[in-house]
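Taking it in order: structure first as structure tokens, then the write-up.
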Amino acid sequence: MGHIVKKILGDVDKDPNYENLTIEDNEDGKIHIHLKNIRMDLTRDDWKNLKQAIFEAHDKMKKYHNWSE
């Protein structure tokens, strides 16, 4: 586990067991996604692709379900 450069979501200091979704940018160039006993390591480029795909899916669901924010 590398040194955390940026806390993207959540805070390991307040949630050391990762009970809630936590996303961290680490000095080793990896993005760590934690949730309970699951940990996913992504490169920063893979993180950008995943993030973009999530936003695109969200936009499509908004249109399909006529959601407003």
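General remarks:
- Among the residues of the range 13-69, those that are of a type in the set (Val, Ile, Thr) and either assigned to a loop (DSSP other than H, G, I, E, B) or under 16 Å from Gly2 (Cβ atoms) (or both) comprise Thr22, Ile23, Ile31, Ile33, Thr43.
- For beta carbons closer than 9 Å, sequence separation of 6+ or different chains, a first residue in the range 46-69 that is farther than 26 Å from Asn26 by Cβ and a second that is not in a helix (DSSP H, G or I), the qualifying pairs are Met61/Trp67; Lys62/Ser68; Lys62/Glu69.
- Restricting Asp11, Asp15, Asp25, Asp46 to residues that are in contact with a Lys or Arg (Cβ under 6 Å, 6 or more places away or on another chain) and surrounded by 12 or more Cβ atoms within 10 Å (Cβ to Cβ) narrows the list to Asp25.
- With respect to the stated conditions, Ile4 fails to be in contact with a helix residue (DSSP H, G or I) (Cβ under 6 Å, 6 or more places away or on another chain) and touching a residue at least 12 places away in the same chain (Cβ under 8 Å).
- All of Ile31, Ile38 fail the test of being surrounded by fewer than 10 Cβ atoms within 10 Å (Cβ to Cβ) and at pLDDT 95 or above, apart from Ile38.
The values are calculated or read from the model by the stated rules, or taken from the named source; none is laboratory data. Just so it is clear, the model here is predicted, and its values are computed rather than measured. Ideal geometry is used to build each Cβ from the backbone, glycine not excepted, and the neighbour counts take in all protein chains shown.
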